[in-house]
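The values are calculated or read from the model by the stated rules, or taken from the named source; none is laboratory data. From a predicted model like this one, the values you see are computed outputs, not experimental measurements. Using ideal geometry, Cβ is built from the backbone for each residue, glycine included, and neighbour counts are taken over all protein chains shown.
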Amino acid sequence: PSLNRVMSILEMEDIARKVISYKAHMYYSSAADDETTLVENMRGFQRLFFHARVMRPVSTVDPTTTMLGFKSTIPVFVSGAALAKLGHPLGEANITRGAGKTGILQMVSSNASLSAEQIAQARLSPDQVLFFQLYKNKDDAVAEERVKEVERLGYKAIFLTVDAITPGNRERDIRAPFVLEAEEAEAEAKGGVEKPRTVGQVQKQEEESQVNNEGTAGALIRFVDQDMSWEKTIPWLRRVTKLPIVIKGIQCVQDAVLAAEAGVDGILISNHGGRQLEYSLPSIDVLYRLRKERPDVFDKCEVYVDGGARRGTDVIKALCLGAKAVGMGRPFLYAQSAYGEDGVAKAVQILQREIVTAMKLVGARSVKELVPEMVEQVSWQPY
Ligand code: FNR
């Protein structure tokens with residue numbers, strides 16, 4: 001369908017799934033075990049309802065926010081997700097350009113299919129802000145070099161991922177080998193896409209990963225340090241960089257408190273989109289509890305959340321609960337897969353419209369006026 005007829009983020013995902021390869025679909029969509037956390041990330045948002053305020057002047061509303069002092073046109077950012085090229089030949093450059101056009105911030109994955117330098121070069125202007133997601137190498141010297149490299153390239157913050165020290169068990173990803181496009185098309189034409197087909201000219205790493213039964217994710221994070229700790233890793237990172245540090249992958253209140261005590265600049269409440277620990281609490285539920293139990297954390301560092309947000313109302317709910325901004329992973333991968341950079345810009349426009357509508361209807365002129373009293377968690381599950 002033509003891009004101007006696409007109405008919602010989920011519709012964009014549906015379109016993308018029809019045009020990308022079987023492997024890309026399995027890699028992007030998969031999550032751990034029975035994919036309970038994947039589903040509950042979204043259902044967590046559905047358990048939150050608004051106490052909307054009326055009779056407030058809302059003819060003009062301002063949906064802008066900041067992350068670490070950098071401005072964003074809407075309180076949504078790109079959460080770094082690997083291998084954008086699986087879905088579109090231009091890969092991450094699409095996301096960078098779409099984000100630049102619409103004025104949102106992008107966190108670039110350690111495992112992007114383009115180099116950090118190529119992505120920096122894809123920016124519309126040198127002032128466009130990029131953040132870097134770090135998978136810390138076991139070897140401190142290698143990790144240090146990576147951080148210094150992205151600092152040199154002008155990246156503005158390090159998002160240290162801490163929830164993926166070993167790959168989650170993503171069965172759909174593991175089962176789907178890389179195949180040659182032609183072989184895949186042939187298999188599809190014959191109507192047989194269920195079974196994995198012949199393995200084509202795959203990357204060597206991927207071949208090994210098949211043998212190890214670890215899937216794409218496993219192959220990508222084999223080098224990650226499994227011995228990180230608050231005492232050792234945060235001071236180390238502070239020593240090697242002046243950039244702000246955000247911890248990505250906080251999954252409970254206690255760790256949010258420890259992160260704030262460790263003096264980081266921000267935390268990203270995330271369970272990796274349900275791809276790591278199955279039955280990790282839905283991200284929005286962790287945010288809800290943090291707001292309730294430890295409101296002091298929000299004064300010590302910035303709090304962000306990702307996982308399952310697909311609508312403007314989801315974003316507004318998270319902001320009511322104290323988040324500065326909401327990350328999205330799959331939505332931007334799918335948007336660029338289906339329509340390249342225009343798809344990414346369109347996704348932002350869709351969200352912008354939904355966010356402004358929700359702000360008006362809930363009675364908030366700016367993100368500051370979104371407060372915890374405006375949302376309530378219900379115990380029943382809608383439909
Ligand atoms: C991810 N995510 C991720 N996170 C990270 O820190 N480094 C990475 O390389 C990746 N790669 C990656 C690939 C794919 C295909 C997905 C779907 C996700 C997790 C990502 O940053 C984010 O936390 C989730 O995607 C958020 O959930 P939603 O928005 O996809 O529901």
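Here are the criteria: (1) outside any helix (DSSP H, G or I); (2) on the phi > 0 side of the Ramachandran plot. Tell me which single one Gly340 does not satisfy.
(1)
Of the residues that sit in segment 346-383 and are surrounded by fewer than 21 Cβ atoms within 10 Å (Cβ to Cβ) and small (Gly, Ala, Ser), which one is nearest to Gly98 (Cα to Cα)?
Among them, the one singled out is Ser366.
Any chance you could count how many residues in segment 281-314 are more than 10 Å from the ligand (Cβ to nearest atom), farther than 15 Å from Asn271 by Cβ and either basic (Lys, Arg) or touching a Cys at 6+ places or on another chain (Cβ under 7 Å) (or both)?
Final tally of qualifying residues: 5.
If you check every pair at least six apart or on different chains, which have Cβ atoms under 7 Å apart with a residue in segment 23-37 that is charged (D, E, K, R) first and a residue that is assigned to a loop (DSSP other than H, G, I, E, B) second?
Lys23/Ala176; Lys23/Phe178; Lys23/Val179; Asp33/Asn169; Asp33/Glu278; Asp34/Glu278
Does Leu105 meet the test of being within 23 Å of Glu171 (Cα to Cα) and in contact with a Phe, Trp or Tyr (Cβ under 7 Å, 6 or more places away or on another chain)?
So Leu105 fails the test.
So, in segment 74-93, of the ones that are in a loop (DSSP other than H, G, I, E, B) and near the ligand (Cβ under 10 Å from one of its atoms), which residue ends up surrounded by the fewest Cβ atoms within 10 Å (Cβ to Cβ)?
Leu83
Return the residue satisfying two criteria in turn: it lies in segment 192-202 and is touching a Pro at 6+ places or on another chain (Cβ under 9 Å) and loosely packed, with under 14 Cβ neighbours inside 10 Å, and of such residues it is modelled with the highest pLDDT.
The residue in question is Gly200.
Any residue in segment 344-359 that is within 21 Å of Gly44 (Cβ to Cβ), without any contact (Cβ under 8 Å) to a residue 60 or more places away in the chain and within 14 Å of the ligand (Cβ to nearest atom)?
There is no residue in segment 344-359 that is within 21 Å of Gly44 (Cβ to Cβ), without any contact (Cβ under 8 Å) to a residue 60 or more places away in the chain and within 14 Å of the ligand (Cβ to nearest atom).
Identify the single condition in (1) out of contact with any Phe, Trp or Tyr (no Cβ under 8 Å at 6 or more places or on another chain); (2) away from the ligand (no atom under 13 Å from the Cβ) that Leu38 does not satisfy, given that it satisfies every other one.
(2)
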